[in-house]
Structures are given as C-alpha cells and as structure tokens.
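Have a look at the structure below, then the notes.
The values are calculated or read from the model by the stated rules, or taken from the named source; none is laboratory data. Owing to the predicted nature of the structure, the values given are computational and were not obtained by experimental measurement. Ideal geometry is used to build each Cβ from the backbone, glycine not excepted, and the neighbour counts take in all protein chains shown. Protein only, heavy atoms only, side chains kept; ligands, DNA and RNA dropped before computing areas. Shrake-Rupley method; radii C 1.70, N 1.55, O 1.52, S 1.80 Å.
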Amino acid sequence: IDEVRHDRVDDSTDSSVTQSAKVKFEDISTLYLSVHLTEGLYAKYGTMTVDVITDETLGTGAKYGNASLDGSVMGVGYHKQSDNGFFFRVEGTVMEIDGHTFTSSVTTNTTANTIKVDEFNGVSGKLSVGKAF
C-alpha cells in the first residue's frame, strides 16, 4: 500500500511524505491429523503457524515489527488409488489465523500508534494426480 500524505506546514506551504507498507507471509507450518471416514473419503484437522513480516517506509521513521501467528486448518478430501499405483486426490481446506496488534516503534504525544489485524480466513482447493511406488 502506498499513500502520499500532505501536511500543511504554514498558510502557503504543504509538505508531502510517501507512506509505503507491505506484508509478507513466510514459514507456514502445519501439523494435522487425518481420519479416513469411508473408503477414499477423509477429514483432517490441525494447527498452523505463519510468520508475518512487515516492510514499511513511513515518514515518521516508525517500524511495526514482525509476528508469528497461530491458527487452525480443517478440510475434507477424497483419495482414489488404482491397483497399478496411479491415484487422484481432491481436497478442500479452510484456514483460520488468529489476529495480532502491531505497535509502532515511534510514539507521538507519548502514545504509540497501533495496527490491529483481526482474525483472517482462507479457503483452498487442491487436485492431485500421481503414482505411488
């Protein structure tokens, strides 16, 4: 996100500062348990962690830091394998990741700015085709 901020310095002069913020998600780890419900049909449930890396260039020089967030993952799928080892699998998964409050490294009037990220969710689908050896 890039934003240009204009501040009124005096009656005739404005100063402008470009504010830039980016977020990356790294090192997503998932641990889950899979249970076969019927021949081919399965469900899975587990926990996950993800590192949130902030990259900001702010006119104040503030930095908000990074965080490691926890969450849960749940899904259902179908797996079918033939006698010669070829298989296909289709799976749908929902992830729910906890929120976090990021606090600025620079204070204004003795108060630090905060950015609150609420819980967020994601949905994914996967189709796999392969051969088991």
Restricting everything to alpha-carbon atoms, can you work out Rg to Rh for segment 68-133 with a Kirkwood hydrodynamic radius? 1.37
At 0.36 nm per residue, and after removing the present C-alpha to C-alpha distance, how many nm does the segment from residue 47 to residue 127 gain when stretched out fully? 26.6 nm
How big is the C-alpha Rg of the chain next to the rule-of-thumb value 2.2 N^0.38 Å, as a ratio? 1.63
Counting only protein heavy atoms with a 1.4 Å probe and every protein chain in place, the carbon and sulfur fraction of the accessible surface of segment 66-111 in whole percent equals 54
The lysines whose Cα lies under 18 Å from the Cα of residue 126, excluding any fewer than 8 residues away in the same chain, are 44, 80
Order of 96-107, 81-92 by packing, highest average Cβ count within 10 Å first? 96-107, 81-92
Residues of segment 34-133: accessible area per residue with a 1.4 Å probe, Å²: 64
Place a +1 charge on the Cβ of each Lys and Arg in the chain and a -1 charge on the Cβ of each Asp and Glu, then give the dipole magnitude about the Cα centre in debye, rounded to the nearest 20. 660
